[in-house]
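All of the numbers you see were taken from the coordinates with simple rules; none came from a lab. Note that the structure is predicted; figures quoted are calculated from it, not measured. Methodologically, a virtual Cβ is constructed for each residue, glycine included, from the backbone with ideal geometry; neighbour enumeration extends over all protein chains shown.
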Amino acid sequence: GENVEQHPSTLSVQEGDSAVIKCTYSDSASNYFPWYKQELGKRPQLIIDIRSNVGEKKDQRIAVTLNKTAKHFSLHITETQPEDSAVYFCAASRGDYKLSFGAGTTVTVRA
Amino acid sequence: NAGVTQTPKFQVLKTGQSMTLQCAQDMNHNSMYWYRQDPGMGLRLIYYSASEGTTDKGEVPNGYNVSRLNKREFSLRLESAAPSQTSVYFCAATGRDTYNEQFFGPGTRLTVL
C-alpha cells in the first residue's frame, strides 16, 4: 500500500519566519494530497489540499507544492504566528477515499 | 448540524474487557473511517466503510471489528482489550461532494490497563 514519509518530526521557528514541511509518497497512482492541522487535544482539520493536475496552490499564508515526478509535496507557512503552533499531517490518496497519513510534524512558533 | 460525533470521550478498560466506540455523522456522507492515533505514528486506518452495507480492513485491523449500522452510524468494537490498544481513536466521514475531505470526530481517548 501507500507509504507516506514526513520530515521533520519537530520544527521550531521564530514568529514571522517561514516553516516548511516535506512529504514523500510511494504510490505513483496517488492523486490527492491534503494537509491537516491538529491543535493540542483537538481533532485534525483540513487546511489545504492539492490534486495531481496542479503544481502549486496557495491560500493566504499557506501554500502547497507538488512534484509528481519526484513523488514529493511540501507545505509552506509564511509569516508564522503563535496560532500556527500545532501538529501538521500530510496525506496521500489514490482517489479511492482512503488516506495514508504521514507521522506528523510538531510546529512550535516562538514569540 | 453537529458534523461527526463520538462517544465516549474517555474510557479506561482492564485487559480482556470489551467495549464499543460509537460514531455518528449528520452530513449524509457515504464513507466512514476509524483511525487510531499514537505518538510519532500519525493516523493509522483501522477499518473503513466506503458506503452503507460495506466494510473493509485498513492498515491495523487486528483486534477490532466494525459495524456500519446505517448511513449515519459506524461503530468500532474491541472484543478483548489489550494494553497495545491504548490510543486515541478518531472517526471520520467523507462524501463525493466534499472531494475526499475527511471530517473528523472529536476523538475517544482509550486506556487499557
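Straight Cα distances below 15 angstrom link B:K57 to the aspartates and glutamates A:E2, A:D96, with same-chain residues fewer than 8 positions distant left out. Leaving out same-chain residues fewer than 8 places away, which lysines sit with a Cα under 20 Å from that of A:K58? The reachable lysines, counting only those whose Cα sits under 20 Å from A:K58, are A:K22, A:K37, A:K68, A:K71.
The Stokes-Einstein estimate for chain B, based on a Kirkwood radius over Cα pairs and taken at 10 °C with 1.306 mPa s viscosity, is a diffusion coefficient of 114 µm²/s.
Could you tally the net charge around A:A86, taking each other residue with its Cβ under 15 Å from the Cβ of A:A86, Lys/Arg +1 and Asp/Glu -1?
Details: positive: A:K37, A:K42, A:R43, A:R61, A:R110; negative: A:E15, A:E39, A:E83, A:D84.
Surrounding charge for A:A86 is +1.
Rounded to the nearest Å, what's the spacing between the alpha carbon centres of segment B:72-113 and segment A:40-68? Just the number, please. Using only Cα atoms, the two centres lie 23 Å from each other.
Calculate the dipole size of chain B relative to its Cα centre from +1 charges on Lys and Arg beta carbons and -1 charges on Asp and Glu beta carbons; express the result in debye to the nearest 20. Kindly include the intermediate steps, with their values, before the conclusion.
Details: 11 positive and 9 negative charges, 53 e Å.
In total the dipole reaches around 260 debye.
The share of C-alpha pairs in the protein assembly as shown whose separation exceeds 21 Å stands at 55 percent.
A straight Cα-to-Cα reach below 16 Å connects A:K42 with the aspartates and glutamates A:E83, A:D84, B:D38, residues fewer than 8 places away in its own chain not being considered. Loop-only GluC sites (Glu not before Pro) in segment B:64-113, please: DSSP not H, G, I, E or B, and at most 13 other Cβ atoms within 10 Å. Sparse-neighbourhood loop GluC sites (Glu not before Pro): B:E79.
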